[in-house]
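Here is the structure we will look at, set down as structure tokens.
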Amino acid sequence: MLRQKNNLFLALLTLFFLAGITLWVPSQFSDHRQIADYHFLMGRLYQDTIQIEKNITEQLLNAYSQDSFSKQDRSIQAPMLLKPRDYSSLISNNDPKLIKLLDNFSHIAHQKQLTAEHIKHITQRLIQSHLGIADYFAMTYQLDTLKAEFYELDLTHALNSIDQHILDQHQKIMRANKLLYLGFAGLLTSIFSALFLMQRRQLTTAPLNTSDPEQSLIDAREPLESVFKHQAYYDSLTELPNRTLLMDRLDVAIRSAERDHQTIAVMFIDLDRFKNVNDSLGHGTGDELLSMVSKRLKNCVRESDTIARFGGDEFVMLLHNISSESDAAHVADKVIHTLSAPFQLSGREIVIGASIGIALYPNDDDSPDNLLRDADLAMYRAKQSGRNQFMFFTKSLQEHAAELMETEQHLRNALELNQLSLHFQPLVRSRTGRVTGFEALLRWHHPTLGNIPPDKFIPVAEESGLIGSIGEWVLDTALMHAKNWHNQGQKLYISVNLSRRQLDLGMNDKKLSALLSKHQFDPSYLVLEITESLLLDNSDTTVIRLESIKDLGVHLAIDDFGTGYSSLSYLKRFPIDSLKIDKEFVRDLTSDSDDVELVTAIIAMARSLKLRLIAEGVETEEQRKILLRLGCEFLQGYYFAKPMPASEVQTWLTHYEPEYLSAHA
Ligand SMILES: Nc1nc2c(ncn2[C@@H]2O[C@H](COP(=O)(O)O[C@H]3[C@@H](O)[C@H](n4cnc5c(=O)[nH]c(N)nc54)O[C@@H]3COP(=O)(O)O)[C@@H](O)[C@H]2O)c(=O)[nH]1
């Protein structure tokens, strides 16, 4: 009997003990099921943020259950379990248990190397989402006071954004429903979070029944379901239908169009230069921009059409019952026009644009997935062919995409299978014809496909990210050959192409410096040719990246100058040494006076900015003479030599006769 009583007592104690844990630990962390609930509530956050936070939460739980709270601690704390307290009072009293828990959190954040930026980002997202903020806020605010120097959070906004009335209600529930709270602390908190959300968004004003806690739960369940439903189908930032709802609607639309013999258009919209806004002005501004974009998009279509946020900066429009292709073209035009108008954001005028791909049912495909894939492909082509335009899907686009995919598959093995090589083309002085250096140009020979031109495979390498490893190999190999020339007494420059994608994929001053050291190569003999497009975003990040590369002592040249935006402002801002006039202007120099004027203007501009000038694509003596007369100092082109394998460079140099050129100057 006594033993039975003891067992009962122990069971009760265990029950209280377990319930008490839920009191100490902010309820969303109290068990894995609640973590799942919590993450369901947080489902609107970006995936990466969720992942970071999930990892922290799980580690926090581990730390909690393994070492942070020893058995001894637990027995000391056990009597306190019987005093129900919500954790806001734990916070206000600076309760050591909570502090310990928060310290663990902070420790984990340190271990995970979460920067203040990460935490700030997570917190900002939570603030914007208005979800579970009260619980999370309780924790982060405490963190802030404890670890302000580490997190550097400004939570004033969060504090202000919490409706005091809701907080009061929360506390009332906690006090009025001690027993219920003991048993359902996690559930209540989840419900509270949802109620909080509902109130913030005024989706419902479900009254809280503080005198009958069980009824509170029942009352809360129904609106909760509608909130969860809303979350499952709508994008939280823009309030537009999300991908799931879009697919549902597309499915329904296809079936009714089939029945009524109608045509529908699927328009895939991708914002141009959105990444620049996010990178330079922060995610908050990026989000604001997306909200503004969604509002403008709503004005472009009929009430009955669907606009969905597909993800990131991608939107999809579903136009029902269109009479012809031109209807879709008209809407696409309208979208491009409306999104090209400047946005006023963070006190700045921001100009973006949009690339649009259009697929039609039943002309192009007849399933939601395929129609979206077709529209996406057309959008991609629209972006590739210059952005801020729309393109209809065609079968030839599909064939082209399949071809690109095949090229990519072959290219993946090209480096390992030694199918890549470098050819070198000389750069000469226009007056004397003396060789000053070589440009390294990549070549790909495939055993069955033969020689694949760089214009065909370099875009594939960039798109697939393969340019990262390939570009590094190019630099490595080019430096190796150039070092050989130097060792043989020929101090020649080596020019290597460097694309924006390579910089994004991690080619930086450190890697470059390591390569230069590996070959003991004098950096002042290396010229990196970058295209105008790299400078277009005019961002601080690009300036800093290029400056740190330039600080190594290498030269920077703008390749294909004149084909891009040729803005004077970036020439001043970026640490550039030379300009390479594109061969397009050189080609017609002898027949087109406009090109002569253009080249004259470029030369004058380069002189005033003290930049070296190189003209590429020189094929005739006549072109050479004109360029010399106009004042272009360096030349490159088939007239002097076509790009040649490294093994032929020495022989070519031996037989090359610059005096001949000099005599004709
Ligand atoms: N990111 C990288 N891009 C690279 C690399 N290697 C090449 N490229 C880029 O590919 C594009 C095509 O290059 P390619 O087919 O090699 O053409 C070069 C020359 O062969 C060609 N050229 C030179 N002289 C003449 C001429 O007199 N007439 C004529 N019609 N063509 C000529 O011009 C290209 C020179 O390229 P560039 O100076 O870089 O503009 C090209 O855009 C390359 O940049 C690489 O390793 N990485």
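The values are calculated or read from the model by the stated rules, or taken from the named source; none is laboratory data. Since the structure is predicted, the reported quantities are computational estimates derived from the model, not experimental observations. Note that each Cβ is placed from the backbone with ideal geometry, even for glycine, and that neighbours are counted across all protein chains shown. Side chains included, ligands, DNA and RNA excluded: accessible areas come from the protein's heavy atoms. Shrake-Rupley method; radii C 1.70, N 1.55, O 1.52, S 1.80 Å.
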- Filter result for S513 (within 12 Å of the ligand (Cβ to nearest atom) and either within 26 Å of A604 (Cα to Cα) or surrounded by 15 or more Cβ atoms within 10 Å (Cβ to Cβ) (or both)): no
- Conditions (1) closer than 13 Å to D582 by Cα; (2) within 16 Å of the ligand (Cβ to nearest atom); (3) touching a helix residue (DSSP H, G or I) at 6+ places or on another chain (Cβ under 7 Å): number failed by I603: (2)
- Query: For region 548-665, list the helices (runs of 4 or more DSSP H) that sit wholly inside it and hold at least 2 residues that are of a type in the set (K, R) and at pLDDT below 90; which are they?
  - Reply: 568-573
- Query: So which residues in region 270-291 are open to solvent by 30 Å² or more (accessible area, probe 1.4 Å), closer than 20 Å to Y380 by Cα and part of a helix (DSSP H, G or I)?
  - Reply: K275, N276
- Based on what the data block shows, is V596 touching a residue at least 24 places away in the same chain (Cβ under 8 Å), away from the ligand (no atom under 16 Å from the Cβ) and open to solvent by less than 60 Å² (accessible area, probe 1.4 Å)? yes
- Query: Any chance region 640-648 includes a residue that's crowded, with 20+ Cβ neighbours inside 10 Å and either polar (S, T, N, Q) or touching a Ser or Thr at 6+ places or on another chain (Cβ under 9 Å) (or both)?
  - Reply: no
- Query: Within the set of pairs 6+ apart or on separate chains, which have a first residue in region 494-518 that is over 12 Å from L479 (Cβ atoms) and in the same structural domain as P426 (by the TED database), a second that is away from the ligand (no atom under 13 Å from the Cβ) and of a type in the set (S, T, Y), and C-beta atoms under 6 Å apart?
  - Reply: D509/S548
- In region 414-456, residues that are within 11 Å of the ligand (Cβ to nearest atom), open to solvent by less than 20 Å² (accessible area, probe 1.4 Å) and modelled with pLDDT under 95 total 0
- For residues in region 397-413 being of a type in the set (A, V, I, L, M, F, W, C) and loosely packed, with under 13 Cβ neighbours inside 10 Å, which is farthest from I614 (Cα to Cα)? A402
- Message: Looking at I336, I358, I352, can you tell me which residue is open to solvent by less than 60 Å² (accessible area, probe 1.4 Å) and touching a Lys or Arg at 6+ places or on another chain (Cβ under 7 Å)?
- Response: I352
- Taking the stated definitions as given, is S291 within 26 Å of S236 (Cβ to Cβ) and polar (S, T, N, Q)? yes
- Task: Kindly indicate the residue of region 618-639 that is open to solvent by 20 Å² or more (accessible area, probe 1.4 Å), within 11 Å of the ligand (Cβ to nearest atom) and touching a residue at least 24 places away in the same chain (Cβ under 8 Å) and also farthest from E584 (Cα to Cα) among those meeting that condition.
- Result: T620
- Query: Out of (1) open to solvent by 20 Å² or more (accessible area, probe 1.4 Å); (2) under 30 Å from A646 (Cβ atoms); (3) within 16 Å of the ligand (Cβ to nearest atom), what's the single condition that is false for Q384?
  - Reply: (2)
- Note on the structure: Subset of region 486-497, residues under 15 Å from S524 (Cα atoms) and either part of a helix (DSSP H, G or I) or open to solvent by 20 Å² or more (accessible area, probe 1.4 Å) (or both), comes to H486, Q490, K491, Y493
- Query: Pairs under 6 Å by beta carbon, first residue assigned by the TED database to the domain that holds H330 and free of Cβ contacts under 8 Å to residues at least 60 places away in the same chain in region 357-376, partner assigned to a loop (DSSP other than H, G, I, E, B) and crowded, with 21+ Cβ neighbours inside 10 Å, six or more apart or different chains?
  - Reply: D364/F393
- Quick one: in region 457-485, which of the residues that are within 21 Å of Q425 (Cβ to Cβ) and more than 12 Å from the ligand (Cβ to nearest atom) is surrounded by the fewest Cβ atoms within 10 Å (Cβ to Cβ)? N484
- Look at region 573-590 and say how many of its residues are surrounded by fewer than 18 Cβ atoms within 10 Å (Cβ to Cβ) and within 16 Å of the ligand (Cβ to nearest atom). 5
- Query: Out of region 335-383, which residues are over 24 Å from S539 (Cβ atoms) and part of a loop (DSSP other than H, G, I, E, B)?
  - Reply: P362, N363, D364, D365, D366, S367
